[in-house]
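Reviewing the structure listed below.
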Amino acid sequence: MPRTIVTPGELITSERKKLGSNVHMHEGRIYSTCIGLVEEGTDFINVIPLEGRYRPMIDDLVVGIVTSERFGGYGTDINSYYPAYISRKEVDESLRPGSIISAKIAKVNEINEVELMNVRVFYGGEIISVSPVKVPRIMGRNNSMLELLKQGTNANILIGKNGRIWAKGGNTKLLEKAIAKIEREAHMENLTNKIADFLRAENKGAGAPISAANGKIPLEQTKHADSRSMEMSEGRDI
Amino acid sequence: MSKKKEVLEYVDKEGKRTDGRKADELRAIKIEAGVLPRADGSAYLEWGQNKVLAAVYGPREVIPKHHANPYKAIVRYAYRMASFSVPERKNPRPGRRELEISKVSGEALEKAIFLERFPNTAIDVFVEVLDSNAGTRIAALTAASVALADAGIPMRDMVSGVAIGKISGNLVLDLNKHEEDAPDAVDMPLAVLPNSEEIVLLQMDGLLKRSDWENAFELGMTGCKKVYELQKAALKKKYEIANGDEQK
């Protein structure tokens, strides 16, 4: 079923339904609050946003860049409203501005200030920035899209909920292209199959199939990264 | 502004205006969303001869910090006219007029945004008028509203606006520069939340009778609804383009 696109303030339904995300009720009618796709159930209504910033939520895995050293910790840019705080207790090695880390959100307060935990430091690799609202699509239902990308590009991938993707090894050029395609077509159906076709065609076109020698990553880190991405299996296929 | 000459006819016997429009007809409007890659949301709008570019950044950290409100986000709206947007070069320094327009337009947008969801942050809206021909504050506000939606900022409704005027006894919608310069012109910019029909901006230059005002408001509201449809279409078009590519 093709989903309809709604704009802010557009009437979705006059029926009584449970309010999901990105909708609001005015005089008994339900309106959208952002540009997105309508997801309508028998008793609930939801709008899946197509634009928007990252809003920190507890337990999210995020990829951040350390921006400053503070008293007893570090300030980290996690693509949210303000820099997040990492206590020095949470990291084993010392960080410096520019360090790339992944972490879990330990605390979010009323004004969206964030504290991080389970910090891991990354060396090398690349960061690909995407719109945070497209992250569920890049992961896919039960990580189907993520697995596809890993197989197709032979890269180690870690997706942060804040719209930053860390990738190392493999064909990162192709990965970037594939992610750009997912972002561009996030509102369309049957995306996983399209991306599978796209990756197959690109790999064939390049001539040389990807060899295992491309990914020169210590085995230990590979394992680590995989176990991390499994943690975030809540990705919904929209 | 007005030169000494014989009385001009602004609306002829067939109800046509000097540029061929009917009394309740808008100028040609073209809106495009998402034109600036580095902004969180953006829009480009052409309204008759007016050309306006709007960019939205945020919600983001407020600097200087003492401006922040711990209960809601603040909207910082900057309306600027490029020095080349008017026939005679304009001093690029923001003047009294621009500051006032920025203030009232920012307050109009505040009514539409769920500010309390983003405490301690600022939503920055920058609107640059590249070419002007009367009605730029409304053009700017219309573009800013599309840019806010493009940034994914949760809103109760879009903000749509239009100007209504009275020239030589005739109520007309959306004055152009020539009509605005008429010796007896009354100009009334109006912006509303189209679904709830709430007024968020209303100014008036000149005087109107009570009965005229009521008719003018009626005319303005229908105009705003037309603008609202164009805004919606512009936002949806951004996603249709990607759909079209796929079918090829």
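Among the residues in segment B:106-123, are any closer than 25 Å to A:Ser32 by Cβ, without any contact (Cβ under 8 Å) to a residue 60 or more places away in the chain and small (Gly, Ala, Ser)? Scanning segment B:106-123 turns up at least one residue that is closer than 25 Å to A:Ser32 by Cβ, without any contact (Cβ under 8 Å) to a residue 60 or more places away in the chain and small (Gly, Ala, Ser). Within segment A:151-197, the residues that satisfy the criterion of being β-branched (Val, Ile, Thr) and either within 14 Å of chain B (Cβ to nearest Cβ) or surrounded by fewer than 21 Cβ atoms within 10 Å (Cβ to Cβ) (or both) are A:Thr172, A:Ile182, A:Thr192, A:Ile195.
Residues considered: B:Glu116, B:Glu98, B:Glu128, B:Glu107. Of these, the only one that is over 16 Å from the mean Cα position of the chain (by Cα) and not in a loop (DSSP other than H, G, I, E, B) is B:Glu116.
May I ask you to verify whether A:Ile65 is under 18 Å from the mean Cα position of the chain (by Cα), within 12 Å of chain B (Cβ to nearest Cβ) and assigned to a strand (DSSP E or B)? No. Do we find a residue being within 14 Å of chain A (Cβ to nearest Cβ) and within 20 Å of B:Ile199 (Cβ to Cβ) anywhere in segment B:114-125? For segment B:114-125, residues within 14 Å of chain A (Cβ to nearest Cβ) and within 20 Å of B:Ile199 (Cβ to Cβ): present. Restricting to segment A:38-58, and then to whatever is buried (at least 18 other Cβ atoms within 10 Å of the Cβ) and at the interface with another protein chain (Cβ under 9 Å from one of its Cβ atoms), can you tell me which residue is farthest from A:Ser129 (Cα to Cα)? Only one residue fits best here, namely A:Pro49.
Kindly provide the set of residues from segment B:201-220 that are over 11 Å from B:Ala191 (Cβ atoms), assigned to a helix (DSSP H, G or I) and not aromatic (Phe, Trp, Tyr), ordered by number.
Matches in segment B:201-220: B:Arg210, B:Ser211, B:Asp212, B:Glu214, B:Asn215, B:Ala216, B:Glu218, B:Leu219.
Out of the residues in segment B:188-234 that are β-branched (Val, Ile, Thr) and away from every other protein chain (no Cβ under 12 Å), which is surrounded by the fewest Cβ atoms within 10 Å (Cβ to Cβ)? Top of the filtered list is B:Thr222.
State yes or no: is B:Val62 out of contact with any helix residue (DSSP H, G or I) (no Cβ under 9 Å at 6 or more places or on another chain), β-branched (Val, Ile, Thr) and in contact (Cβ under 8 Å) with a residue 24 or more places away in the chain? Here the answer is yes, as B:Val62 does meet what is asked.
Mind checking whether some residue in segment B:149-170 is away from every other protein chain (no Cβ under 14 Å), crowded, with 22+ Cβ neighbours inside 10 Å and of a type in the set (D, E, K, R)? Yes - at least one qualifying residue is present in segment B:149-170. Of all the residues in segment B:112-131, those that are more than 23 Å from A:Val114 (Cβ to Cβ) and either small (Gly, Ala, Ser) or modelled with pLDDT under 95 (or both) number 1. The listed residues are A:Ala155, A:Ala84, and the only one of them that is in the same structural domain as A:Glu202 (by TED's automatic domain parsing) and in contact with a strand residue (DSSP E or B) (Cβ under 8 Å, 6 or more places away or on another chain) turns out to be A:Ala155. Scanning segment A:167-189 for residues that are touching a strand residue (DSSP E or B) at 6+ places or on another chain (Cβ under 8 Å) and either over 27 Å from A:Gly36 (Cβ atoms) or aliphatic (A, V, I, L, M) (or both) turns up A:Ala167, A:Lys168, A:Gly169, A:Gly170, A:Thr172, A:Leu175, A:Ile179. Across segment A:4-28, the qualifying residues are those that are touching a residue at least 12 places away in the same chain (Cβ under 8 Å), surrounded by fewer than 18 Cβ atoms within 10 Å (Cβ to Cβ) and within 11 Å of chain B (Cβ to nearest Cβ), and the one among them that is nearest to the chain's Cα centre (by Cα) is A:Ser21.
The values are calculated or read from the model by the stated rules, or taken from the named source; none is laboratory data. Source: prediction; values computed, not measured. Cβ: placed from backbone, ideal geometry, glycine included. Neighbour counts: every protein chain shown.
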